[in-house]
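Some notes on the structure that comes next.
Read-outs throughout are calculated quantities, based only on the coordinates presented, and are distinct from any laboratory measurement. Only a predicted model underlies this, so the values are computations on that prediction, with no experimental measurement involved. Because the Cβ atoms are built from the backbone with ideal geometry, glycine has one as well, and the counts that use them run over all protein chains shown.
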Amino acid sequence: MIDIHAHVLPSIDDGAENLKIAAAMCRFAADDGCTALLATPHQRTPSWWNCDPRKLQRDLDEVRAEVGDTPRLYLGGEIRVDASLLEALGDIEGSGVQPLAGSRYLLLELSRRGLGRLDPEALAHELRLLGWRPIFAHPEFIPDLSASPRLIEKMARSGALFQLTAMSLTGGYGRKIQRFSEKLVADGLVHFVASDAHDLTRRPPGLRKVHDALSRKFGRDRADQLTMKNPGAILANRPIEASAN
Ligand SMILES: [Fe+2]
């Protein structure tokens, strides 16, 4: 399995507190069956800007030096969407925004405090026109999206991809979130499932449990698609296959 969303760079956001915990999280993921993991620190939020590519690379190298080759570690970012996102993407070197593993895939986070004047459907469309493949992180936790499956559908039709958090599907956030998440999978609106790991206990790494849960509920092929095949397409920088739905 390949985990495309994990906060395993030490001391730069609300993820791994230090290098020791960062390395332990990566080892935990490997022991749980993850062959590769994308380090996706928060980027462009008011608290965590994290847009110095050299520092991010140094942080990743530091973790890699502790962990070794398993899991393989790649750099990415969980990029907060704001009004100047398109401008930042027009100057990747200058802005320091991190696509996933150097691909055309972007892991985007919409604000939980409301979309304001942002039209996420238009944004998805615009990003696709510019050759990006936008993945919207955990729609189940974004009130404007969880309140409107219709908006999620419209975004998907405009080229948006969606990533659910593993624990949402395994019940760690309660039955309501679980039911909502399962419905999105059933409707073919989910393209990736990732840990969004922040630590070793409260929001831990690992995809085995969710792979088992997806296999039981939706079949092995769908579980593989969401945790292996589609994440693999990111590392290969090629389009994902059409949903099995
Ligand atoms: Fe995250």
Subject >> Amide N proximity, the range 124-162 versus A186 label position 7 Å along Cα-to-Cβ, cut-off under 15 Å >> reply: 149
**OP:** Find the eigenvalues of the gyration tensor of the Cα atoms of the range 28-141, then list the square roots of 5 times those eigenvalues as equivalent ellipsoid semi-axes, largest first, in whole angstrom.
**Re:** 26, 16, 13
**OP:** Apply 1/(1 + (r/R0)^6) to the Cβ-Cβ distance of W49 and L130, taking R0 = 30 Å, and write down the FRET efficiency to the nearest 0.05.
**Re:** 0.85
**OP:** Only bridges with both residues in the chain count here: give the DSSP antiparallel percent, nearest 5.
**Re:** 0
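For Y74, Y105, Y173, what's the fewest-to-most ordering of other Cβ within 10 Å of each Cβ? Numbers along the way, then the final one.
On the way: Y74 20, Y105 26, Y173 17.
Ascending number of Cβ neighbours within 10 Å: Y173, Y74, Y105.
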**OP:** Would you mind getting the Kirkwood hydrodynamic radius of the chain from its Cα pairs, rounded to one decimal in Å?
**Re:** 17.7
**OP:** Give me the distance in nm between label points sitting 7 Å out from Cα along the Cα-to-Cβ direction at T201 and R220, one decimal.
**Re:** 3.7
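Which entries in the list K20/K176; K20/K183; K183/K209; K55/K209; K55/K217; K154/K217 go over 30 Å, if you measure between the two C-alpha atoms of each?
Values: K20/K176 35 Å; K20/K183 38 Å; K183/K209 18 Å; K55/K209 33 Å; K55/K217 42 Å; K154/K217 25 Å.
Exceeds cut-off: K20/K176; K20/K183; K55/K209; K55/K217.
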Original post:
When every alpha-carbon pair in the range 70-113 is counted, what percent end up more than 16 Å apart?
Top reply: 38
Subject >> Per-selection Kirkwood Rh - the range 181-245 (Cα, Å, 1 d.p.) >> reply: 12.4
Original post:
So how do E66, E78, E140 line up by other beta-carbon neighbours within 10 Å, fewest first?
Top reply: E66, E140, E78
